[in-house]
Amino acid sequence: MQRFVDKTVIVTGAGSGIGAATARRFSDEGASVALVDRNAETTEKVAAELPSDRTFVQIIDVSHSDAVDAMVEAVVEKFGRLDVMVNNAGIHQQGEPVEISDEQWRTVMATDADGVFYGCRAVIAHLQRTKGSIINTASVSGIGGDWHASPYNAAKGAVVNLTRALALDLGKKGIRVNSVCPSLTRTAMTADMLADEALVAKFEERIPLGRVCKPEEVAAVITFLASDDASFVTGANMTVDGGVSASNGQPG
């Protein structure tokens, strides 16, 4: 498919995992892609795989609104337009609530919640011109609680309801806003979890499809939501979780 020829896409957190897979998928479908991340080394490696004339790297921290604003303007200056914003950058902290420091709490919220809002706000004027769309990476952790992950759950829950609120506010401007809500996915952020075979077995027992998600599977849903195939879809928080959220939690 070539659904994004002559279109421009920004993907944050593009240096690895879901972001890298998403950048590759959009590029494969003809888009000009801005790869945004705070890790220059990994992001440049992803960029090297893509056509140089349609690839633009921006190294920023999305928790700083001024940096996000400047990045968006640089992308539009580079490619002349903006059609899709994928707010994917995220981090994770875990621990018992009494052990979570103020710094840990603020760090997660600043990237996972504030950074998403800054990205959404910065692109509104540009997407209104192209009738574009926003896709946020939320999580099943934003629609249900996890053990020992209160900052991450709070931030992803914020993304879920922010997605709904912005869909209401921006619909009349012709901008669609959706999110994806993956379950455990094979990324750098989850490497420690995936190294624990007993833990992975517990996840696989709870996931009806019986396996961990691949980043490319999330990227496929993101590109669908950004495409004209989803032209009447907005305000959706789409689970990409192998069916895990279909359960009420009771054992089989």
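For residue 82, the requirement of being touching a Cys at 6+ places or on another chain (Cβ under 8 Å), of a type in the set (A, V, I, L, M) and modelled with pLDDT of 95 or more is not met. Criterion first (touching a residue at least 12 places away in the same chain (Cβ under 8 Å), outside any helix (DSSP H, G or I) and more than 20 Å from residue 214 (Cβ to Cβ)) does residue 153 satisfy it? The answer is no for residue 153. Determine which member of the set 87, 39 is closer than 17 Å to residue 222 by Cβ and not small (Gly, Ala, Ser). Result: 87 is the single residue among 87, 39 that is closer than 17 Å to residue 222 by Cβ and not small (Gly, Ala, Ser). Given the conditions (1) in contact with a Leu (Cβ under 9 Å, 6 or more places away or on another chain); (2) farther than 23 Å from residue 68 by Cβ, and given that residue 123 satisfies all but one, which numbered condition is not satisfied? Unmet for residue 123, out of (1) in contact with a Leu (Cβ under 9 Å, 6 or more places away or on another chain); (2) farther than 23 Å from residue 68 by Cβ: (2).
Figure legend. Inter-residue proximity from the stretch 95-119: first residues touching a residue at least 60 places away in the same chain (Cβ under 8 Å), second residues in a loop (DSSP other than H, G, I, E, B), beta-carbon distance below 6 Å, spacing 6+ or different chains. Indicated pairs: 115/62; 115/63; 115/89.
Considering only residues in the stretch 106-124 that are of a type in the set (Ser, Thr, Tyr) and surrounded by 20 or more Cβ atoms within 10 Å (Cβ to Cβ), the one that is nearest to residue 171 (Cα to Cα) turns out to be 118.
Scanning the stretch 181-205 for residues that are farther than 18 Å from residue 247 by Cα and in contact with a strand residue (DSSP E or B) (Cβ under 9 Å, 6 or more places away or on another chain) returns 185, 186. Counting only residues that are part of a helix (DSSP H, G or I), small (Gly, Ala, Ser), over 17 Å from the mean Cα position of the chain (by Cα) and within 30 Å of residue 130 (Cβ to Cβ), the stretch 197-233 holds 1 of them.
Picking from residues in the stretch 72-85 that are touching a Ser or Thr at 6+ places or on another chain (Cβ under 9 Å) and within 19 Å of residue 137 (Cβ to Cβ), the one that is surrounded by the most Cβ atoms within 10 Å (Cβ to Cβ) is 85.
The values are calculated or read from the model by the stated rules, or taken from the named source; none is laboratory data. These figures come from a predicted structure and were not determined experimentally. Heads up, the Cβs are rebuilt from the backbone with ideal geometry, glycines too, and the neighbour counts pull from every protein chain shown.
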